[in-house]
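Let me begin by presenting the structure, written as structure tokens, before commenting on it.
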Amino acid sequence: MRLLPDLVLTPDGWQAGRAVAVTDGRIAAVQAPGEPQRGDVALAGRALLPGTVNSHCHAFQSLLRGLGDDLDFMGWRDRVLYPFSERLDRAGIALGAAFAFAEMLKQGATTCVDFFYLQDSGNENAEAVIEAARAVGIRLVLARAMYDWDGAPKRYRETPADAARRVRELIVVHRHDETVTVQPAPHSPHGASPAMIRAGWEVAEAENTIFHIHVAEGRYEGERTLREHGATPIRYLDRLGVLGPRMVGVHCVWLDDEEIALMGARGAGLAYCPGSNMFLGDGITRVPEMLRAGVRIGLGTDGGCTNNRLSVFDEMRTCSLLQRVRLLDGTALSAGTAFDLGTRSAAALMRLEAGAIGPGQLADLVAIDLAHLSLQPRHDLLKSVVYAMSPEAVTDVWVHGRRVVEQGRLTTTSEEELVARLTALTKGWTM
Ligand SMILES: [Zn+2]
């Protein structure tokens, strides 16, 4: 198959009149088109971009969208998240995931990291999420949570030994899966005991993966970690021996200068969710400082009920604007940097060969309509994509070479049926 758009965004910039050849889920070449070939896909009036990578999400939470919109983190967790996530059976979990993945694909996210914690003491629910991702057609990084704080609902909780065994089983089952990767995810310094965090890190070491952990989302967590473990969150994780290149810390809002330097020195990464941090009133992660310290960063949306959007393009814009507000500096974070954090940098953080259009990269691609009003007038297209583009400008999406959105419609799932099913499931849900 060859895609023939008007423009292609390559690592060297925009190129006109190039064909993107795709074989076995990967980009084989970006070349002059030459003679027409069978399997050519004409994309006149469109530009081709790398698909965006959503570095942090909780897919099932899309079903809770709108239930607790004007609460702080604790109010949202205790009055919305915990009680309503108890209502979801396996079919509900799969439906919530399909719903979130469908919305993400239509907005140009070709990979989703689903930090998944409704385990019910097994892997069957996680498998239902994986099956939903496959059916809808998104690339999935299943960050399988490991949770043992006894204040959380029982279905989240496991012993460190059980959690570690189950994560490893899931990693092994999906090791050769082309569009699914499984990684351990001890929940956070407040949701996972020191033994659980160590267990997650040990699985990552043994299986040569990264691991995900929420860190310092709210100010309370730093105070609590200091009280209970005698150190602030990043220092605490360093003391546990888990702060290193395998770690992807989620949020990292409340870090002091030394913690930022420590993350950089240890090679740790950050999954940054500016929209969610704003929605919950968490605070502002110091992104330019972290980049300067050498922290590798990817953007994420977080769950659909704490944002409440699921667009990585939207997070690029939010990320840049938020730093300008914090630093009172319109040059604080450029469009090019924001775009990189949502594509190439995020993919690298997840150890995926994606996020850029070049030979050998995964064929995860997004086409946008160059005639869309939100992209006019055309001066600097990349800046317009980051700051101005409406989600409706995304026309087509490919994941692993499979066209999953065609001219604005999902090819894999009936949107009408999806909406009918989730409407029936959430009928009568009120706070
Ligand atoms: Zn999260």
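If you go through the stretch 370-394 and keep only what is closer than 19 Å to residue 405 by Cβ and open to solvent by less than 50 Å² (accessible area, probe 1.4 Å), you end up with 370, 372, 374, 375, 385, 389, 390, 393, 394.
Looking at the stretch 231-255, which of the residues that are part of a loop (DSSP other than H, G, I, E, B), of a type outside the set (A, V, I, L, M) and open to solvent by less than 50 Å² (accessible area, probe 1.4 Å) is farthest from the ligand (Cβ to nearest atom)?
Checked the stretch 231-255; the qualifying residue farthest from the ligand (Cβ to nearest atom) is 241.
Total residues in the stretch 262-272 satisfying the condition of being more than 16 Å from the ligand (Cβ to nearest atom) and touching a helix residue (DSSP H, G or I) at 6+ places or on another chain (Cβ under 9 Å): the figure is 5. All of 64, 105 fail the test of being buried (at least 22 other Cβ atoms within 10 Å of the Cβ), under 26 Å from residue 276 (Cα atoms) and within 16 Å of the ligand (Cβ to nearest atom), apart from 64. Being in contact with an Asp or Glu (Cβ under 9 Å, 6 or more places away or on another chain) and at pLDDT below 95 is a property that residue 281 has. The sole residue among 84, 73, 99 that is more than 30 Å from residue 4 (Cβ to Cβ), out of contact with any Lys or Arg (no Cβ under 7 Å at 6 or more places or on another chain), within 14 Å of the ligand (Cβ to nearest atom) and in contact (Cβ under 8 Å) with a residue 40 or more places away in the chain is 73. Taking (1) of a type outside the set (Gly, Ala, Ser); (2) touching a Leu at 6+ places or on another chain (Cβ under 6 Å); (3) within 16 Å of the ligand (Cβ to nearest atom) in turn, residue 48 satisfies each apart from (3). Looking at the stretch 1-115, the helices (runs of 4 or more DSSP H) lying wholly inside it that each contain 1 or more residues that are within 26 Å of residue 282 (Cα to Cα) and at pLDDT 95 or above sit at 90-106. Condition check: more than 22 Å from the chain's Cα centre (by Cα), modelled with pLDDT of 95 or more and within 26 Å of residue 91 (Cα to Cα). Does residue 414 satisfy that? So residue 414 fits the description; yes. May I ask you to verify whether residue 172 is open to solvent by 10 Å² or more (accessible area, probe 1.4 Å), more than 24 Å from residue 310 (Cα to Cα), away from the ligand (no atom under 16 Å from the Cβ) and part of a helix (DSSP H, G or I)? Here the answer is yes, as residue 172 does meet what is asked.
For the stretch 118-132, a residue qualifies if it is in a loop (DSSP other than H, G, I, E, B) and under 14 Å from residue 162 (Cβ atoms), and the qualifying residues are 119, 120, 121, 122, 123.
Okay, residues lined up against (1) in contact (Cβ under 8 Å) with a residue 12 or more places away in the chain; (2) surrounded by 21 or more Cβ atoms within 10 Å (Cβ to Cβ); (3) over 21 Å from the mean Cα position of the chain (by Cα):
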site	(1), (2), (3)
125	yes, yes, no
133	yes, yes, no
136	yes, yes, no
149	yes, no, yes
154	no, no, yes
159	no, no, yes
163	yes, yes, yes
166	yes, no, yes
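Among the residues making up the stretch 189-219, a single one is surrounded by 18 or more Cβ atoms within 10 Å (Cβ to Cβ) and at positive phi: 216.
Taking residue 428, is it on the phi > 0 side of the Ramachandran plot, part of a loop (DSSP other than H, G, I, E, B) and open to solvent by 50 Å² or more (accessible area, probe 1.4 Å)? Don't jump to the end; show me each part of the working.
On the way: on the phi > 0 side of the Ramachandran plot: yes; part of a loop (DSSP other than H, G, I, E, B): yes; open to solvent by 50 Å² or more (accessible area, probe 1.4 Å): yes.
For residue 428, the condition - on the phi > 0 side of the Ramachandran plot, part of a loop (DSSP other than H, G, I, E, B) and open to solvent by 50 Å² or more (accessible area, probe 1.4 Å) - is met.
All conditions in (1) within 22 Å of residue 390 (Cβ to Cβ); (2) open to solvent by 40 Å² or more (accessible area, probe 1.4 Å); (3) not in a helix (DSSP H, G or I) hold for residue 317, with the sole exception of (3). Just one of the listed residues (258, 221) is within 16 Å of the ligand (Cβ to nearest atom) and assigned to a helix (DSSP H, G or I), and it is 221. Mind listing whichever residues of the stretch 273-307 are open to solvent by 10 Å² or more (accessible area, probe 1.4 Å), more than 14 Å from the ligand (Cβ to nearest atom) and not β-branched (Val, Ile, Thr)? Across the stretch 273-307, the qualifying residues are 278, 281, 283, 286, 288, 289, 291, 292, 293, 294, 296. For residue 151, state whether it is at pLDDT below 95 and touching a helix residue (DSSP H, G or I) at 6+ places or on another chain (Cβ under 6 Å). No: the conditions fail for residue 151.
The values are calculated or read from the model by the stated rules, or taken from the named source; none is laboratory data. No experiment lies behind these values; they were computed from the predicted model shown. Counting neighbours? That spans all protein chains shown, and the Cβs are built from the backbone with ideal geometry, glycine included. Calculation scope for accessible area: heavy atoms of the full protein, side chains included, ligands and nucleic acids excluded. Shrake-Rupley method; radii C 1.70, N 1.55, O 1.52, S 1.80 Å.
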